[in-house]
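Structure record follows, encoded as C-alpha cells.
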Amino acid sequence: MLSPCALCKAECCRNHLITITSFDVLRLYEDGYRVQDFAQFAPCRILNYDNNMVLEFHDSGMAEDRILALKSNPCHFLENGRCSIHKIAPSVCKAYPRNSSGKMMGKLCPGIPRLLHGMMGTEIRGGYANEIAAYRGIVAEWNGQRGKMRDCMPFLLERAEGERKKF
C-alpha cells in the first residue's frame with residue numbers, strides 16, 4: 001500500500017522543530033544512536049507548545065526554558081528526502097499529522113498527503129498518549145529540582161527507562 005508520505009517532499013522534516021520525549025531519545029539510544037548527535041535542548045521559539053513539556057535549567061541562577069527536540073531544520077535523520085529511521089522514529093513523527101489523541105493538526109501536512117492521512121489513518125505508536133502523560137510527570141519532577149542542563153539528559157533517560165516498565 002502506498003504511504004501518504006511517499007507523495008510528500010518532507011516539508012515537516014525540513015521546516016519544523018521536531019519536539020520529542022525522553023522515551024523517543026531512549027528508543028534511539030538503545031538502537032545505537034548517540035544522543036548528542038540527534039537530540040538538543042532547543043530554546044522555546046515555537047508558537048504553540050505544551051507548557052508541561054518545557055524543561056527549566058538553572059545554570060545561570062535564573063530559569064532558562066528549553067524543549068527537548070531533534071536536531072532539526074532539516075531533521076537530523078532526513079536522508080535523500082526520506083526518514084532514515086522510520087521504523088523507530090519518534091512517536092510524534094509516527095503520528096504526524098495527528099496529535100497523541102489521534103486528532104488531525106492544522107494544515108501542516110500538504111494537500112494530497114494530508115487527505116490520504118485522513119482517509120487511511122496514521123501509524124500512531126501504541127501508548128503514545130501514555131508516553132506524553134509520563135513525560136509531563138518527568139518534566140515536572142526535573143523542574144522541581146532546579147537542575148543544570150548537563151544533568152538533564154541522564155535524568156530524563158533514567159526516568160523514562162523506569163516509567164516505560166509501567167506501560
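The values are calculated or read from the model by the stated rules, or taken from the named source; none is laboratory data. Computed from a predicted model, the values in this text were never measured in an experiment. Every residue, glycine among them, receives a Cβ derived from its backbone with ideal geometry; neighbour counts consider all protein chains shown.
Looking at residue 116, is it at pLDDT below 80 and over 26 Å from residue 152 (Cβ atoms)?
yes
Looking only at residues in the stretch 1-23 that are in a loop (DSSP other than H, G, I, E, B) and small (Gly, Ala, Ser), which one is modelled with the highest pLDDT?
Within the stretch 1-23, the first condition is being in a loop (DSSP other than H, G, I, E, B), and the residues that meet it are 1-3, 8-10, 16-18, 20-21.
The next check asks that each one be small (Gly, Ala, Ser); those that pass are 3, 10.
Numbers: 3: 60, 10: 79.
In this case the residue turns out to be 10.
Among the residues of the stretch 30-59, what is the count of those that are out of contact with any strand residue (DSSP E or B) (no Cβ under 7 Å at 6 or more places or on another chain), farther than 13 Å from residue 70 by Cβ and in a helix (DSSP H, G or I)?
The qualifying residues number 3.
Out of all the residues in the stretch 64-89, which are within 23 Å of residue 153 (Cβ to Cβ), in contact with a Lys or Arg (Cβ under 8 Å, 6 or more places away or on another chain) and either part of a strand (DSSP E or B) or not β-branched (Val, Ile, Thr) (or both)?
Across the stretch 64-89, the qualifying residues are 73, 74, 75, 78.
Output the residues belonging to the stretch 137-167 that are among the basic types (Lys, Arg) and either surrounded by 13 or more Cβ atoms within 10 Å (Cβ to Cβ) or in contact with a Phe, Trp or Tyr (Cβ under 7 Å, 6 or more places away or on another chain) (or both).
Correct list: 148, 159, 164.
Tell me which of these residue 73 doesn't satisfy, since it passes every other one: (1) more than 22 Å from residue 161 (Cβ to Cβ); (2) in contact (Cβ under 8 Å) with a residue 40 or more places away in the chain; (3) under 13 Å from the mean Cα position of the chain (by Cα).
Single failed check for residue 73: (3).
Give the residues of the stretch 55-67 that are touching a helix residue (DSSP H, G or I) at 6+ places or on another chain (Cβ under 7 Å) and either surrounded by 16 or more Cβ atoms within 10 Å (Cβ to Cβ) or hydrophobic (A, V, I, L, M, F, W, C) (or both), sorted by residue number.
Scanning the stretch 55-67 gives 55, 56, 57, 67.
List the residue pairs whose Cβ atoms are under 7 Å apart, where the first residue sits in the stretch 132-158 and is within 20 Å of residue 28 (Cα to Cα), the second is among the small types (Gly, Ala, Ser), and the two are 6 or more positions apart or on different chains.
These pairs meet every condition: 132/100; 135/22; 138/22; 138/160; 155/147; 156/22; 157/22.
Residues in the stretch 24-53 that are among the aliphatic types (A, V, I, L, M) and surrounded by 16 or more Cβ atoms within 10 Å (Cβ to Cβ): how many? Don't jump to the end; show me each part of the working.
Residues of the stretch 24-53 that are among the aliphatic types (A, V, I, L, M), as a first pass: 25-26, 28, 35, 39, 42, 46-47, 53.
Those left that are additionally surrounded by 16 or more Cβ atoms within 10 Å (Cβ to Cβ): 25-26, 28, 39, 42, 53.
The qualifying residues number 6.
Step by step: first the residues of the stretch 76-94, then only those that are in contact (Cβ under 8 Å) with a residue 12 or more places away in the chain and not hydrophobic (A, V, I, L, M, F, W, C), then the one that is surrounded by the fewest Cβ atoms within 10 Å (Cβ to Cβ). Which residue is that?
81
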